[in-house]
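Following: one structure in structure tokens, then a few remarks.
The values are calculated or read from the model by the stated rules, or taken from the named source; none is laboratory data. A quick note: this is a predicted structure, and the numbers were derived from the prediction, not measured. Here Cβ is always computed from backbone atoms with ideal geometry, including for glycine, and neighbour counts include all displayed protein chains. Accessible surface areas use protein heavy atoms only, side chains included; no ligands, DNA or RNA. Shrake-Rupley method; radii C 1.70, N 1.55, O 1.52, S 1.80 Å.
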Amino acid sequence: DESGDVAKYQQYFERFAVDGQLDKQGFRSVLQCLEIDPPQRVVDDMFAEHDKDESSQLSQDEFYEWIKDRLKSKSEMRDSLMQSLDILFPGTDRVPIDDLLAKLSELGETFDETEAAYARMTLEEFDSNNDGAIDKSELMNCFYSDEMPQEENPETVE
């Protein structure tokens, strides 16, 4: 659920913030804790977009706006994918992430560079077996089970 996501993000903010402010390296650390590792240019863009006062720091309020945008982006993507499920999976059980993003574009979804990065990061989060593709079970699990255990894959060795 979204409140659980917000709590998790808030916990990471508190871990990396100094005096209630998160610098760009702290923001990158939060992303890494969320298993998100975009190129530095994308981190820079996301950070700048939410650093409204241009202080080179994200306040708790600015960080909360990033959380809201991220959750909204995930929700909008979920809606678009669910509407297109039958089109996306005709005769196949898996779609490479690049093909899925291309299909969304074909269907009229328009993404600027930052939104495209959010979309890719979100899809990579859904890819529980890290094969670079989304299969129906991963797609359905991410929409109907907000707390999918990360340790489900028996091939994972820690």
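Taking the conditions exactly as written (within 18 Å of A119 (Cα to Cα) and of a type in the set (G, A, S)), does S56 satisfy them or not?
Details: within 18 Å of A119 (Cα to Cα): no; of a type in the set (G, A, S): yes.
When the stated conditions are applied, S56 does not pass them.
Which pairs turn up if I take residues in segment 45-65 that are in contact (Cβ under 8 Å) with a residue 12 or more places away in the chain and look for partners that are assigned to a helix (DSSP H, G or I) and among the hydroxyl-bearing types (S, T, Y) with beta carbon separation below 6 Å, at least 6 apart in sequence or on another chain?
Final answer for the pair search is D45/T114.
Here's the yes/no breakdown for (1) of a type in the set (V, I, T); (2) at pLDDT below 70:
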{"site": "S73", "(1), (2)": "no, no"}
{"site": "Q83", "(1), (2)": "no, yes"}
{"site": "I97", "(1), (2)": "yes, no"}
{"site": "S105", "(1), (2)": "no, no"}
{"site": "F126", "(1), (2)": "no, no"}
{"site": "N129", "(1), (2)": "no, no"}
{"site": "L139", "(1), (2)": "no, no"}
{"site": "Y144", "(1), (2)": "no, yes"}
{"site": "E151", "(1), (2)": "no, yes"}
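Can you work out which of the residues in segment 1-21 that are part of a helix (DSSP H, G or I) and at pLDDT 90 or above is most open to solvent (accessible area, probe 1.4 Å)?
Just the residues of segment 1-21 that are part of a helix (DSSP H, G or I), to begin with: 2-16.
Filter once more, keeping what is at pLDDT 90 or above: 11-16.
Working: Q11: 105, Y12: 36, F13: 6, E14: 122, R15: 138, F16: 61 Å².
Filtering first and then ranking leaves R15.
Being among the β-branched types (V, I, T) and either on the phi > 0 side of the Ramachandran plot or out of contact with any Lys or Arg (no Cβ under 8 Å at 6 or more places or on another chain) (or both) is the filter here; which residues of segment 90-141 pass it? Walk me through it before giving the result.
Taking segment 90-141 and keeping what is among the β-branched types (V, I, T), we get 92, 95, 97, 110, 114, 122, 134.
Correct list: T92, T110, T114.
So that you can scan it fast, the table gives a plain yes or no per residue for (1) open to solvent by less than 40 Å² (accessible area, probe 1.4 Å); (2) of a type in the set (D, E, K, R); (3) farther than 15 Å from E124 by Cβ:
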| residue | (1), (2), (3) |
| --- | --- |
| D23 | no, yes, yes |
| F27 | yes, no, yes |
| Q32 | no, no, no |
| V42 | yes, no, no |
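Would you tally the residues in segment 50-78 being of a type in the set (D, E) and over 19 Å from V6 (Cβ atoms)?
Of all residues in segment 50-78, those of a type in the set (D, E) come to 51, 53-54, 61-62, 65, 69, 76.
Checking which are over 19 Å from V6 (Cβ atoms) leaves us with 51, 53-54.
Of the residues in that region, 3 qualify.
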